[in-house]
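Enquirer: Please see the structure below; I have some questions.
The values are calculated or read from the model by the stated rules, or taken from the named source; none is laboratory data. It should be emphasised that the depicted structure is a prediction, and the values quoted were computed from it without experimental measurement. Quick reminder, even Gly has a Cβ in these numbers, built from the backbone with ideal geometry, and neighbours come from all protein chains shown.
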């Protein structure tokens, strides 16, 4: 009986172990996680790639003149309003000239007095000259002493000096008079150019300070709106791509769905740094883009967006930007910023070797990594200079798969559901 029970117990144990093994095998077959990487694919095709640099800025006229008065006083005439079109030489503003008129009368009187002094000095010069001749004749006949002759000479020389001094004072008074006359003329402000009044900072009756005193008051601005520029800020990483002569497309925020053609005419060489010393420090460079079309609705200071076309290539091999990644070398060598010391012309130079660009090419249910040489890019595609052929099937997504998960020889499965939806 004991032997039969032990055998029965052994059969039960063996049955349980066999059942557990079967379960383990079944779980390993059906419950194992699919190690294939889910990806999307696309073909290597030829297309036109347009490389652009985006920038924001404002509309700015080529010529804008800030007008101030050289004379101080009250505005008694204001002949324009903001937005008016003016011609060169047109009267814009008159300033009450009462103070200058008083000064003008003073300088005129001083000039007349100087002229009278010239006549007095001339008469004295003639008198002393006649007296010197008379004393000289008497001295020759021994009727006058040496002392009398010397006194006559001294008196004549003094009169000559006074006469010359009166001439100099008269010339000085005339110069001062001309200066105050010009200041009087400057109480009337004329337009220096043909254009539009883009800013008016004063009103009739307002008192202004002339530029002769301190900085002076800015009265108004006149701009030539026939030549308009877009003054935009380009990031320091993109400025090296921009060249004078590049074409651009300008969109004005205030004029929806209207695009203006432009051309780069000037590139700034001095950086403009915002939030200096902070973690959000931004370095930009000013780029001036000339608008090739006129529009009377444009106003200085309007916000705008510019798309500067820096390069264009037609019919070149390209792949989606998401298909290209950068990986460390599979041999675990440090490719990122690897520093190699080289010698050239007896000088030590530091060369930085960057990791290559990689594209994964589909090979059945697996992928092969392929090193490629890239060129310019646009918003969605990048040029392939070498490493791929047209119509090859490459892995273009998803981002995590291309950038992290895939390795040379990785097994893949395509997103057939997504493809079928796209076809529909």
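Enquirer: Going through the stretch 218-231 one residue at a time, which ones are within 15 Å of residue 298 (Cβ to Cβ) and crowded, with 17+ Cβ neighbours inside 10 Å?
Expert: Of the residues in the stretch 218-231, the ones within 15 Å of residue 298 (Cβ to Cβ) are 223-231.
223, 225, 228, 229, 230, 231 - these are the residues of the stretch 218-231 that are within 15 Å of residue 298 (Cβ to Cβ) and crowded, with 17+ Cβ neighbours inside 10 Å.
Enquirer: On the basis of being under 19 Å from the mean Cα position of the chain (by Cα), at pLDDT 95 or above and not assigned by TED's automatic domain parsing to the domain that holds residue 385, does residue 308 make the cut?
Expert: Yes, satisfied.
Enquirer: Scanning the stretch 55-93 for residues that are at positive phi and surrounded by fewer than 16 Cβ atoms within 10 Å (Cβ to Cβ), which turns out nearest to the chain's Cα centre (by Cα)?
Expert: Checking each candidate, the answer is 83.
Enquirer: When you scan the stretch 193-234, how many residues do you find that are touching a strand residue (DSSP E or B) at 6+ places or on another chain (Cβ under 8 Å) and without any contact (Cβ under 8 Å) to a residue 60 or more places away in the chain?
Expert: 1
Enquirer: Can you give me the ranges of the strands (runs of 3 or more DSSP E) entirely in the stretch 198-285 with at least 3 residues that are at pLDDT 85 or above?
Expert: Values: elements: 218-235, 247-252, 259-267, 272-274.
Output list reads 218-235, 247-252, 259-267.
Enquirer: Find the residue count for the stretch 143-178, including only residues that are more than 55 Å from the chain's Cα centre (by Cα) and modelled with pLDDT under 85. Steps first, answer last, please.
Expert: So the first thing to find is which residues in the stretch 143-178 are more than 55 Å from the chain's Cα centre (by Cα), and the list is 143-167.
In the following step, the residues that additionally are modelled with pLDDT under 85 were identified as 143-144.
Result for the stretch 143-178: 2.
Enquirer: Residue check: is residue 294 assigned by TED's automatic domain parsing to the domain that holds residue 269, at pLDDT 85 or above and outside any strand (DSSP E or B)?
Expert: Values: assigned by TED's automatic domain parsing to the domain that holds residue 269: yes; at pLDDT 85 or above: yes; outside any strand (DSSP E or B): yes.
Considered against the rule, which asks whether it is assigned by TED's automatic domain parsing to the domain that holds residue 269, at pLDDT 85 or above and outside any strand (DSSP E or B), residue 294 comes out as yes.
Enquirer: Given the structure, is residue 337 at pLDDT below 65, closer than 30 Å to residue 388 by Cβ and out of contact with any strand residue (DSSP E or B) (no Cβ under 7 Å at 6 or more places or on another chain)? Quick ask: steps written out before the conclusion?
Expert: Working: at pLDDT below 65: yes; closer than 30 Å to residue 388 by Cβ: yes; out of contact with any strand residue (DSSP E or B) (no Cβ under 7 Å at 6 or more places or on another chain): no.
Spelling it out, it is not the case that residue 337 is at pLDDT below 65, closer than 30 Å to residue 388 by Cβ and out of contact with any strand residue (DSSP E or B) (no Cβ under 7 Å at 6 or more places or on another chain).
Enquirer: Return the only residue of 52, 108, 96 being surrounded by 14 or more Cβ atoms within 10 Å (Cβ to Cβ), modelled with pLDDT under 95 and in contact with a helix residue (DSSP H, G or I) (Cβ under 8 Å, 6 or more places away or on another chain). Write out each step before concluding.
Expert: Details: 52 fails: in contact with a helix residue (DSSP H, G or I) (Cβ under 8 Å, 6 or more places away or on another chain); 96 fails: in contact with a helix residue (DSSP H, G or I) (Cβ under 8 Å, 6 or more places away or on another chain).
Going through 52, 108, 96 in turn, just one is surrounded by 14 or more Cβ atoms within 10 Å (Cβ to Cβ), modelled with pLDDT under 95 and in contact with a helix residue (DSSP H, G or I) (Cβ under 8 Å, 6 or more places away or on another chain): 108.
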